[in-house]
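A short write-up of the structure that comes next.
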Amino acid sequence: MAFVRTRGTTATLIEAYRDENGRPRQRLLANLHGEPDTLSALAKLAARRKALRTELDALRQEEINANQFYSMFTGKVLAGHQYSAAKRKEIDQLLRKRERLLARITEIEAALAVIEKDGAVIKKHCDASPAEVQAAVQRFQKKFRDAETLAETLKLGLEYALREQSKGAKAKLRRLST
């Protein structure tokens, strides 16, 4: 029998069973990724999976372009082409960008694997209908967009406040220095 266990801020899906000696035991089935119940966790994972897949598609296109550049560059180097110091610096920056791109693609693929694994287990133990899951996904996406908007608004507000304080401090310094 599966149940949700909450410890501190983490919630997990746990299964109770008895071992070969008849003692009661529990095994971890899935992480609920910070959500209090299986429906919320399923909604979060579905929304996260969609966002990661969208990002991955965009990164794959960048990867194709980066690999074409890498092939062209290495081909010229193998042919004995010499680059200026400024051009080598630019090439090094592009190569580091390619490495970061490949690392991010690897991170996304690992996150998608975890989402697929946990999502399959959670889905098996979630009693909600597909319509209820879709409604929960919509609610999660709205909460996420609202949180992003709030964060951006606060960031802009802080930037404005700092800019105004900076102007005031500079004016005070001018008055004091004259």
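What to note about this one:
- Extension gain (nm, one decimal) between Glu164 and Arg104, 0.36 nm per residue minus Cα-Cα: 17.9 nm
- As a calculated quantity, the FRET efficiency between Val4 and Arg145 at R0 = 25 Å, using C-beta atoms, amounts to about 0.40.
- Read-out Rg and Dmax of the Cα atoms in Å, derived from the coordinates shown; its label in (i) 22.8, 90; (ii) 20.2, 63; (iii) 25.8, 87: (iii)
- Distance between the modelled labels on Arg174 and Asp92, one decimal in nanometres: 4.2 nm (7 Å Cα→Cβ projection).
- Cα centroid of the stretch 41-76 to Cα centroid of the stretch 129-145, whole Å: 26
- Distance violations [Cα-Cα > 28 Å] among Lys142/Lys167; Lys50/Lys89; Lys50/Lys97; Lys76/Lys97; Lys44/Lys97: Lys142/Lys167; Lys50/Lys89; Lys44/Lys97
- A Gaussian network model of the chain, with springs between Cα atoms under 10 Å, assigns the largest mean-square fluctuation among Lys124, Lys89, Lys167 to Lys167.
- In this calculation the C-beta distance from Asp127 to Lys50 is compared with R0 = 25 Å, giving a FRET efficiency of 0.65.
- Each residue of the stretch 118-131 was assigned a 3J(HN,Hα) from its phi angle through the Karplus curve 6.51 cos²θ - 1.76 cosθ + 1.60 (θ = phi - 60°); the sequence is 5, x, 5, 5, 5, 4, 5, 9, 9, 8, 6, 6, x, 5 Hz, with glycine and proline shown as x.
Every number here is computed from the coordinates shown, using simple stated rules; none is lab data. No experiment lies behind these values; they were computed from the predicted model shown. Every residue, glycine among them, receives a Cβ derived from its backbone with ideal geometry; neighbour counts consider all protein chains shown.
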